[in-house]
Amino acid sequence: MKNKKSRVFLILNCLALGIIAMNLTAPVHEATHLITQMIGGAQPTWLAFGSADTVNPTADLNSFIWKVMYEGSAALMNIVIGTILLIILKKFRLGPLSRPLVLMTTIMHYSMGFGYFLRDGILYSPDPDAQLGDWAKVLQRFDGSNVLRVGLLIVGSLGILFVFFIAYRQAFHFISDNNDKKERNRVASAIYLFPYLFNAVAFTLVELNSPIAKDNIQAFLVISPIINVFGMIGFFWGYMFTAHMVKPRKQNVYYFSPCAEKKIVLWIVSAAVLAFDAIVLCPGIYF
């Protein structure tokens, strides 16, 4: 991995895995919204990469279950999926490509789920027209309950700290010498920093053609960076903790390095997925 060509292949492979992981997270979140609301009798309008829309629900939105689930189910699903993936990370010795993919997807799902709790707990406003986040809308249905808001802040804060912990601990499965700062930086930048920076820029750009951007560019400029920058913040702090800020683990838990070989098929697949996002999924599938 120490030669330049291998490091380039490592970075390209992790960038490709990051694109795939993002597509296993954000569209799943929006599809959960769509399916939940359709179960509540709503008619689907569109499904896009970063948004979904329905109209005319028939469920009783004043009931406790629908107050929570109508807008809140997707973040809960993110946490459920993140937990399942974390169990897979802990119970199975995955391969040099599949393990980074599962790790990235775990961090994204947890970051999105707990991130909604934390962000909406902080930014909630009594003004119904100001509610942009899923759980801000849930709070609105509970008349801005202070108990619920404090609960969201606590769970969201602890959850995000848990994401940082996972990112830090799991990175050492790819580091053969915990005390080698260069190796820690090389591995952490490949699996965390470069995918974080690339995805934050790439998915913000491709979503400029989204229904939300077309309808309300100001709302888009709030939502998209929050999802693509702060929604993946576990990647940034995973890199910082592993490479620079936290004393390395004493115990060696090394499995193997992430794949640093040329994987042209993987690169083609990820490029095709990103093109599909830009051309089809971000503009939205209308019903």
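Given +1 on the Cβ of Lys and Arg, -1 on the Cβ of Asp and Glu, and no further charges, what dipole in debye does the stretch 1-85 carry about its Cα centre, rounded to the nearest 20?
It comes to approximately 840 debye.
I'd like the distance separating the alpha-carbon centroids of the stretch 25-89 and the stretch 134-169, in whole Å.
Answer, in whole Å: 17.
What Kirkwood Rh does the stretch 15-139 have if only Cα atoms enter the pairwise 1/r average? Answer in Å.
One decimal place: 15.5 Å for the Kirkwood radius.
Based on the alpha carbon coordinates of the stretch 193-254, what radius of gyration and maximum Cα-Cα distance (Dmax) apply, in Å?
Every Cα atom of the stretch 193-254 included, Rg and Dmax give 16.0, 52 Å.
Using the charge dipole of the chain (Lys, Arg: +1 at Cβ; Asp, Glu: -1 at Cβ; taken about the Cα centre), state which of Met69, Pro128, Leu94 has its Cα farthest towards the positive end.
It is Leu94.
Once the Cα atoms of helix 146-171 and of the chain are each reduced to a long axis, what angle between those two axes, in degrees from 0 to 90 to the nearest 10, is obtained?
The angle comes out at about 20 degrees.
If you build a Gaussian network model of the chain, linking Cα atoms that sit under 10 Å apart, which residue out of Leu86, Leu123, Leu139 swings the most?
Fluctuation is largest for Leu123.
Mean projection of the alpha-carbon convex hull of the stretch 77-179 over all orientations, in nm²?
Over every viewing direction, the Cα hull of the stretch 77-179 projects on average to 7.6 nm².
Divide the volume of the convex hull of the Cα atoms of the chain by its number of residues and quote the answer in cubic angstrom per residue.
128
Bin width 5 Å, alpha-carbon pairs only: give the P(r) of the stretch 129-178 as whole percents, running from 0 to the bin holding the largest distance.
5, 17, 17, 15, 11, 10, 8, 7, 6, 3, 1
Just the Kirkwood number for the stretch 151-224, please: inverse of mean 1/r across all distinct Cα pairs, in Å, one decimal.
Roughly 15.1 Å, rounded to one decimal.
Based on the mean of other Cβ atoms within 10 Å per residue, sort peptides 276-286, 104-114 so the most packed one is first.
Result, highest mean Cβ count within 10 Å first: 104-114, 276-286.
What percent of all Cα-Cα pairs in the stretch 208-287 falls in each 5 Å bin, counting up from 0?
Using 5 Å bins, I get a P(r) of 3, 11, 11, 14, 16, 15, 12, 9, 6, 3, 1 for the stretch 208-287.
On full extension of the chain, what length is gained from Ala272 through Phe92, given 0.36 nm per residue of separation minus the C-alpha to C-alpha distance?
61.9 nm
How far, in degrees from 0 to 90, does helix 98-123 lean away from the longest principal axis of the Cα atoms of the chain, to the nearest 10?
40
Quick one: Kirkwood hydrodynamic radius for the stretch 95-150, alpha-carbon pairs, angstrom, one decimal?
In the stretch 95-150 this quantity evaluates to 12.6 Å.
For the ranges 155-168, 24-37, 244-257, what's the packing order if you count other beta-carbon atoms within 10 Å of each residue, average per peptide, and put the highest first?
Listed from highest to lowest mean packing, they are 24-37, 155-168, 244-257.
Given Cβ point charges of +1 (Lys, Arg) and -1 (Asp, Glu) and nothing else, what value in debye, to the nearest 20, does the dipole of the chain about its Cα centre take?
1820
How large is ³J(HN,Hα), in whole Hz, for each residue of the stretch 237-254 in order, when computed from phi with the Karplus curve 6.51 cos²θ - 1.76 cosθ + 1.60 and θ = phi - 60°, using x for Gly and Pro?
6, x, 5, 5, 5, 5, 8, 9, 9, 10, 4, x, 4, 6, 7, 8, 10, 4
Toward the positive end of the charge dipole of the stretch 77-211, about the Cα centre and with charges on Cβ (Lys, Arg +1; Asp, Glu -1), which of Thr204, Leu148, Ser176 goes farthest?
Ser176
Just need the relative contact order of the chain here, percent rounded to a whole number, with Cα pairs under 8 Å and 6+ apart.
Relative contact order for the chain comes out at 28 percent.
Quick one: dipole size for the stretch 138-286, taken about the Cα centre, charges +1 on Lys/Arg Cβ and -1 on Asp/Glu Cβ, in debye to the nearest 20.
The calculation lands at about 540 debye.
Here, each number is a calculation from the coordinates, and none is a lab measurement. Every value quoted in this text rests on a predicted model; they were computed, and no experiment measured them. Glycine gets a Cβ as well: all are built from the backbone with ideal geometry, and neighbour counts include every protein chain shown.
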